[in-house]
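Trainee: Have a look at this one before I ask anything.
FYI, it's all coordinate maths here, none of it is from the lab. Because the structure is predicted, anything quoted here is derived from the model rather than measured. Here the Cβ is made from the backbone with ideal geometry for all residues, glycine too, and neighbour counts use every protein chain on show.
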Amino acid sequence: MIINEVTPVLSGHRVLVKIGTDDGLVGWGEGSGFLPHAVLGLVEELRPYLLGEDASRINFLWQEVFRRPFVRGGPITGSAVAAIDLALWDLKGRALDAPVYQLLGGAARDRVRVYGHVHADTAEEIAAKARVMAERGIQVIRYRGFIDTDKQGVHDHAAGVRQQIEFTEAIRDAVGPDVDLILECHGRYDPAWAVKLIKAVERFEPLFVEDPIRHEHPDGYRQLRAASSVPLATGERGHSKWELRELIENRLVDYLRPDVCWAGGITEMMKIASFAETYLINMVPHNIQGPLGSAATLHASMAIPNLTVMEAALYAGREVVEGDIHPWPTVLDGHALPPAGPGLGVTVDEGALPGPLPPRGGHPRLRALDGSARDW
């Protein structure tokens with residue numbers, strides 16, 4: 001299985017990578033769509049380190065493409081390496097006629113619990129959507145507030161806290177005590193406001209509060225831990241085991257949220273999970289990816305022993321995977337069933353892939369009340 005093709009493709013805003021070998025096998029991977037042109041460029045830079053190599057040597061090739069650039073790390077490296085890594089695992093699974101999770105040591109569980117999202121402008125609307133989702137079998141629900149974001153482009157700490165408390169109470173009343181709630185904050189709050197929020201929602205017993213403060217200063221979670229017993233989660237903007245090391249070693253959170261398409265692929269995800277397990281931290285993989293990335297997340301989730309729940313693109317209880325890449329695993333009673341087929345179990349129709357989209361105009365420009373820049 002000597003690599004003779006490494007082709008990065010922009011499919012919409014997503015970076016896909018096709019790796020082919022001299023015996024005619026092909027594997028596909030996916031990287032983050034947040035900075036697609038930068039990720040595409042790095043994959044092209046890494047191509048020479050892959051051509052002529054044995055595709056079955058995934059651990060070696062991971063180190064090769066990660067360590068060759070003298071300047072490395074962060075979201076661009078994590079995403080480019082992830083796309084390559086997923087393609088190599090897909091290729092190896094196809095060569096051995098086995099699903100990837102079997103190559104990771106086999107299934108650690110029979111099925112993977114998933115959570116879905118609800119969004120709305122009012123407490124009444126979001127409670128109704130949560131009730132529908134719970135009735136369809138999804139027993140873990142994630143939500144946020146911040147109606148000011150889209151409507152005004154302004155973040156007001158006090159208004160945000162009030163609305164998130166209001167939404168939490170409304171959803172808990174709608175779905176009852178047995179559905180797990182995930183309150184997502186997107187790194188919006190300064191620590192003092194995050195403390196106000198987590199203390200106020202403690203009585204609703206959320207599964208965890210996610211990203212209440214910015215990710216750049218992990219030690220800030222000490223203040224939140226001291227203030228409340230509410231479990232905490234972060235990690236979607238961590239792109240390797242090194243970037244997540246401080247969170248793990250100091251047990252600053254209860255759940256880690258790395259994304260397989262941002263954090264170096266399946267190879268690195270499994271190492272992060274093993275590292276976290278030694279500190280009794282469970283995994284809740286972040287996943288807003290396309291079918292290749294979602295399938296890779298599910299394969300990893302099948303094999304990770306310390307996994308609580310996996311993010312799935314679920315709205316009102318149905319999977320949102322559409323378009324040109326099939327099939328998508330079955331979701332039944334709030335759980336994703338093991339993916340079928342060799343490799344990632346996803347077939348790519350190259351002729352049907354959408355072409356690249358123009359560069360984005362940028363992410364939302366959120367401002368504080370005084371006009372300063374805020375995380376969105």
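Trainee: Considering segment 245-292, what Rg and Dmax in Å follow from its alpha-carbon atoms?
Mentor: When restricted to Cα atoms, segment 245-292 yields Rg and Dmax of 10.9, 34 Å.
Trainee: Could you give log10 I(q)/I(0) at q = 0.12, 0.17, 0.25 Å⁻¹ for segment 141-199, computed by the Debye formula over C-alpha point scatterers of equal weight, without solvent?
Mentor: -0.29, -0.56, -1.07
Trainee: Efficiency by 1/(1 + (r/R0)^6): what FRET value for LEU357 and VAL71, r their Cβ-Cβ distance, R0 = 35 Å, to the nearest 0.05?
Mentor: Details: r = 28 Å, r/R0 = 0.80.
With R0 = 35 Å, the Cβ-Cβ based efficiency is 0.80.
Trainee: Per-residue HN-Hα couplings for segment 202-215, Karplus 6.51 cos²θ - 1.76 cosθ + 1.60 at θ = phi - 60°, whole Hz, x for Gly and Pro?
Mentor: So the J values, rounded to whole Hz, are 4, 5, 8, 6, x, 4, 6, 9, 9, 6, x, 10, 4, 7.
Trainee: Taking the chain as the reference, fit the longest principal axis to its C-alpha atoms, fit the long axis of helix 36-46 to the helix C-alpha atoms, and give the angle between the two in degrees, 0 to 90, nearest 10.
Mentor: Value to nearest ten degrees: 30.
Trainee: Using a simple charge model, +1 on the beta-carbon of Lys and Arg, -1 on the beta-carbon of Asp and Glu, nothing else, what dipole does the chain show about its Cα centre, in debye to the nearest 20? Numbers along the way, then the final one.
Mentor: Numbers: 38 positive and 50 negative charges, 131 e Å.
Dipole of the chain, to the nearest 20 debye: 620 debye.
Trainee: Here is a further query. Report, to the nearest 10°, how far helix 74-96 tilts away from the longest principal axis of the Cα atoms in the chain, using its own Cα long axis and a range of 0 to 90°.
Mentor: Roughly 50 degrees between the two axes.
Trainee: Order of ARG14, ARG57, ARG203 from fewest to most other C-beta atoms within 10 Å?
Mentor: Working: ARG14 24, ARG57 14, ARG203 11.
Ordered from fewest to most neighbouring Cβ atoms within 10 Å, ARG14, ARG57, ARG203 come out as ARG203, ARG57, ARG14.
Trainee: If you don't mind, there's one more thing I want to ask. Determine, for ARG72, ARG188, ARG222, ARG94, the number of other Cβ atoms within 10 Å of each Cβ, and report the residues in order from fewest to most.
Mentor: Numbers: ARG72 16, ARG188 26, ARG222 12, ARG94 19.
Ranking ARG72, ARG188, ARG222, ARG94 by Cβ neighbours within 10 Å, fewest first, gives ARG222, ARG72, ARG94, ARG188.
Trainee: For segment 68-118, which chymotrypsin sites (Phe, Trp or Tyr not before Pro) pass both filters: DSSP loop (anything but H, G, I, E, B) and at most 14 other C-beta atoms within 10 Å? Display every interim value, and only then the final one.
Mentor: Working: sites: PHE70, TRP89, TYR101, TYR115; in loops: PHE70.
Passing both the DSSP loop test and the Cβ count: PHE70.
Trainee: Quick one: net charge of ASN250's neighbours, Cβ under 15 Å, K/R +1, D/E -1?
Mentor: Numbers: positive: ARG222, ARG225, LYS241, ARG245, ARG251; negative: ASP219, GLU243, GLU246, GLU249, ASP254.
Result for the neighbourhood of ASN250: 0.
Trainee: Given the options ALA107, ALA120, LEU88, identify the residue whose Cα lies farthest towards the positive end of the charge dipole of segment 48-132 (+1 on Cβ of Lys, Arg; -1 on Cβ of Asp, Glu).
Mentor: ALA107
Trainee: Please list 16-23, 347-354 highest first by mean number of surrounding beta-carbon atoms within 10 Å per residue.
Mentor: Details: 16-23: 20.1, 347-354: 13.0.
Most protected by this proxy first, the peptides run 16-23, 347-354.
Trainee: As a check on your grasp of the helix formula, calculate [θ] at 222 nm for the chain: sum -39500 (n - 2.57) over DSSP H runs of n ≥ 4, divide by the residue count, round to the nearest 500.
Mentor: Rounded to the nearest 500, the figure is -11000 deg cm²/dmol.
Trainee: Another question about this same structure. Tally Lys and Arg at +1 and Asp and Glu at -1 over the other residues with C-beta under 14 Å from the C-beta of ILE2: what net charge comes out?
Mentor: Numbers: positive: ARG57, LYS92; negative: GLU5, ASP22, ASP23, GLU53, ASP54.
Residues near ILE2 contribute -3 overall.
Trainee: Calculated FRET efficiency, GLU205 and ASP370, Cβ-Cβ r, R0 30 Å, to nearest 0.05? If you can, show how the numbers build up before the last one.
Mentor: Details: r = 35 Å, r/R0 = 1.17.
Efficiency, from the Cβ-Cβ distance: 0.30.
Trainee: Right, something else. Mind counting lysine pairs for me in the chain? Cα separation below 27 Å, and the two need to be 8 or more apart along the chain or on different chains.
Mentor: Close lysine pairs under the 27 Å cut-off: 10.
Trainee: Under unit Cβ charges (Lys, Arg +1; Asp, Glu -1), what dipole magnitude, rounded to 20 debye, does segment 3-97 have relative to its Cα centre? Each step should come with its number before you reach the end.
Mentor: Numbers: 9 positive and 12 negative charges, 65 e Å.
My answer is approximately 320 debye.
Trainee: Quick one: which residues, 5 or more positions from GLY12 or on another chain, have an amide H under 5 Å from its amide H? H modelled 1.01 Å from N in the peptide plane, none for Pro or chain starts.
Mentor: Distant-sequence amide H within range of GLY12: GLY355, LEU357.
Trainee: Stokes-Einstein D for the chain at 25 °C, 0.890 mPa s, Kirkwood Rh over Cα pairs, in µm²/s?
Mentor: On the way: Rh = 21.1 Å.
Stokes-Einstein gives a translational diffusion coefficient of 116 µm²/s.
Trainee: Evaluate the Debye formula for segment 200-259 with equal point scatterers sitting on the alpha carbons, no solvent, and hand back log10 of I(q)/I(0) at q = 0.17, 0.25 Å⁻¹, in q order, two decimals.
Mentor: So the normalised log intensities are -0.51, -1.05.
Trainee: Determine the gain in length on full extension of the stretch ASP219-ALA98; use 0.36 nm per residue of separation and subtract their C-alpha separation, reporting nm with one decimal. The partial results should precede the final answer.
Mentor: On the way: separation 121, 0.36 × 121 = 43.56 nm, distance 4.18 nm.
In short, 39.4 nm is gained.
Trainee: What is the angle, in °, between the Cα long axis of helix 157-175 and the longest principal axis of the Cα atoms in the chain? Nearest 10 is fine, range 0 to 90.
Mentor: Value to nearest ten degrees: 80.
Trainee: Of all DSSP beta bridges located in segment 102-343, what percent are antiparallel, nearest 5?
Mentor: Details: 6 of 27 bridges.
Bridges in segment 102-343 are about 20 percent antiparallel.
Trainee: Rounded, prolate or oblate: which fits segment 1-105 when a ≥ b ≥ c are the square roots of the eigenvalues of the alpha-carbon gyration tensor, with rounded for a/c under 1.5 and prolate only if a/b beats b/c? Show your work: numbers first, answer last.
Mentor: Details: a/c = 1.59, a/b = 1.43, b/c = 1.11.
It comes out prolate by the Cα gyration axes.
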